[in-house]
Amino acid sequence: MRKLTLISAAISFFCFSYPGFCDLNATEQWKGLIQDGHNLTIGEHPNQLEAVRYFSKAVALARENKLPEKYYAEALCRMTTAGIASGVVPIVLADQHCQEIRELYKSEKAKHALDPDLGGYILDLADKYAQHNKSDVKDCYEHAYALSMDVLSETFPESKDLARSTYILSDYYVQDNKPDKAIEVLLQFKLKCEKKLKSKMLMRSIYELYDRLAVSYEAAHRYESAKKAESMAMNAAKFDVRYSNIVFPRSYSFLAMNALAQKQSKENNEYFSKAIVEARKVRGNTDAIEYVNQLFELPKIDKHDQQLELAEAELKIILEVEEALSADKKKTDFITYLLLETLKDEHKTEEWKRLAESGVFNDQMAIKHDSIKNAIGNQWLAKMKLANSLQSSSPRAKLDKKQSQILGDDPHPPDSKAQSVYLEALNLAEKFGPESREVQTTLLKLEISYFLDHKFAAVEPYYHRTITMTHKYYTYEARKKLAPESFPLMDELANYYEQEATAHYEWCLGFWNHCLDLRAAVSPEHKKLLNTYLAAGNEALRRGRYDLAEEPLKGAVITIENRANGRNSPDLIIPLKLLAKAQEGNKNYKEAIFSLNRALILGRNANLISTQIKIIKTDIARVTAKFKMGH
């Protein structure tokens, strides 16, 4: 308590340091202090601490000169708000200030003299109060906005700030999964202020809050509370006829779904009929369609709870109401997609087939809808996570393998399971587009899984698809279209190809070429790229496949030339000799002579021993003779 007294005394002390304090009359001086303080709280670089100084002087000035209560209350609100923002006013002292303001508001004499704009200052104080303590933000919200509602409802029931406070506090309770508390706040507002405050925009906000509360209750299977909340939402919407026409198809659809969950078929039919009637009144209204569309959250929750039949019936209600709202089948794509997924989970194959073949749903069209994209994206991520855990290199797979060896009851190795799930993930990824980031990642994961399982032939079609995609994106700008996670995966696959290249003679040349393509796709400056060029070229020469040797060896030469002073580097000698051998084998004698002459010049500059120089000269003579014979 002593600490608070000292802080208050310190705040009062510097109020008399303002130059020319008594030169102006008190009211004008108070206005000047408030304006100066306000100017310090706005702009790109607000100085809240300095603003506190000005506002505290205004507090002292109002108190010492016995100015009307509205001056004192406003200055105290502003000082506390800036003080919380700057940290100079502790939250405990702010509590005391809030209580003082509350008492001031309850004074009948002050109540009529206070400026309605003061409601805005109270709300600013509540906003800052709520943001102050991040670790205890719940208590701050409740305290701040409850104070705001208490003060404003007593003094300014027609203030929009009161409505804002009501909305913020109720919305907070909805998000915090406390629908009963939210209802309590809204009923308090309705009781005190609704008759005086009939703003259309406000009543729309109140409708949306009650509607969200109804959804919260429904998700918690509190069906009677959900029904009551939705009825209150509809009462709020009636203040604006145009708005009520738009939202009533949703509300009646919700009530029909609510009755369905309670197995009240008579009420379900009654509400469903009303939903259809209301939908036809606003046929073609996109807002009404969107409101109804958002009800998909309820069948989604039921599906998660394994209430598949209820989810299916709810989706059919939404679908029929949407069809009554719009003749455009594209508008119903999202709900149709969810219905197809539900029917698939219920194993209703025939019904699924009829709906899928009806032409009302198109993957590429539906994926444009954010909700579908998120739904498919979540399914894809789940499949990828499962497949990764089943891969034989994962800890879970190793444990499963050990258990299956002990029990002898698992005919399917982990990699086969992983590959099946990767293929399912690929089907989902395709819905994002044939070259989407999801497809790129899934393809590479599948290729690695097949390769580790030594199913080299199975890798090929997926590998060629990956390389075809990456070849389109060789420029710097185009490479941004590649998934960032695809680069380490391509590098990983390239390393596997390199490891197996020396172990499988029949696949060796192909493995080196695949390794080369992947590393070139990862980066033209890959640290292993030069050795890969040379290995692929050498292997082709060893097999007499000069047609396959020339390109990688040219790549090796270019890679060295691109280094600093690379064109004069002795490192070029061996690649040039190998390249010349490939060019000679392909009967490109002129190019072979050029390559050998370059190697000779570089050898002399590097002071190669005479034997090596002699070998290069012999090669030049042989190729020159062939060139002359050919002409």
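The values are calculated or read from the model by the stated rules, or taken from the named source; none is laboratory data. In this text the structure is predicted, and so the values were computed from the model without any measurement. Cβ atoms come from the backbone with ideal geometry, glycine included; neighbour counts cover every protein chain shown. Heads up: the accessible areas ignore ligands, DNA and RNA and are worked out on the full protein's heavy atoms, side chains in. Shrake-Rupley method; radii C 1.70, N 1.55, O 1.52, S 1.80 Å.
Brief remarks on what is shown
- Inside the stretch 243-266, residues that are surrounded by fewer than 19 Cβ atoms within 10 Å (Cβ to Cβ) and touching a Lys or Arg at 6+ places or on another chain (Cβ under 9 Å) make up a count of 3.
- In the stretch 239-251, the residues that are under 15 Å from L209 (Cα atoms) form Cβ pairs under 7 Å with partners that are hydroxyl-bearing (S, T, Y) and surrounded by 18 or more Cβ atoms within 10 Å (Cβ to Cβ), at six or more places apart or across chains, as follows: V247/Y207; V247/Y291; R250/Y291.
- Hits in the stretch 567-593 - residues which are more than 55 Å from the chain's Cα centre (by Cα) and either among the aliphatic types (A, V, I, L, M) or more than 17 Å from E551 (Cβ to Cβ) (or both): Y589, K590, A592, I593
- Looking across the stretch 279-312, the residues that are closer than 24 Å to E346 by Cβ and free of Cβ contacts under 8 Å to residues at least 12 places away in the same chain come down to H304, D305, Q306, Q307.
- If you go through the stretch 488-536 and keep only what is more than 17 Å from A549 (Cβ to Cβ), of a type in the set (A, V, I, L, M, F, W, C) and at pLDDT 85 or above, you end up with L489, M490, L493, A494, L518.
- D619 in contact (Cβ under 8 Å) with a residue 24 or more places away in the chain and open to solvent by 70 Å² or more (accessible area, probe 1.4 Å): no
- Members of the stretch 542-577 that are touching a residue at least 40 places away in the same chain (Cβ under 8 Å) and assigned to a loop (DSSP other than H, G, I, E, B): G544
- Among the residues of the stretch 511-533, those that are surrounded by fewer than 21 Cβ atoms within 10 Å (Cβ to Cβ) and either among the basic types (K, R) or not in a helix (DSSP H, G or I) (or both) comprise S523, P524, E525, H526, K527, K528.
- Residue pairs meeting the criteria (Cβ under 8 Å; at least 6 apart or on separate chains; first farther than 26 Å from Q440 by Cα, in the stretch 521-541; second open to solvent by 40 Å² or more (accessible area, probe 1.4 Å) and among the aromatic types (F, W, Y)): A540/Y546
- A236 fulfils the conditions (1) more than 18 Å from A288 (Cα to Cα); (2) open to solvent by less than 30 Å² (accessible area, probe 1.4 Å); (3) modelled with pLDDT under 85 except for a single criterion, (1).
- Top-ranked residue of the stretch 586-618 - restricted to ones that are assigned to a helix (DSSP H, G or I) and in contact with an Asp or Glu (Cβ under 8 Å, 6 or more places away or on another chain), ranked as farthest from K554 (Cα to Cα): L596
- Taken as a whole, the stretch 186-208 holds at least one residue that is at pLDDT 75 or above and either among the charged types (D, E, K, R) or surrounded by fewer than 16 Cβ atoms within 10 Å (Cβ to Cβ) (or both).
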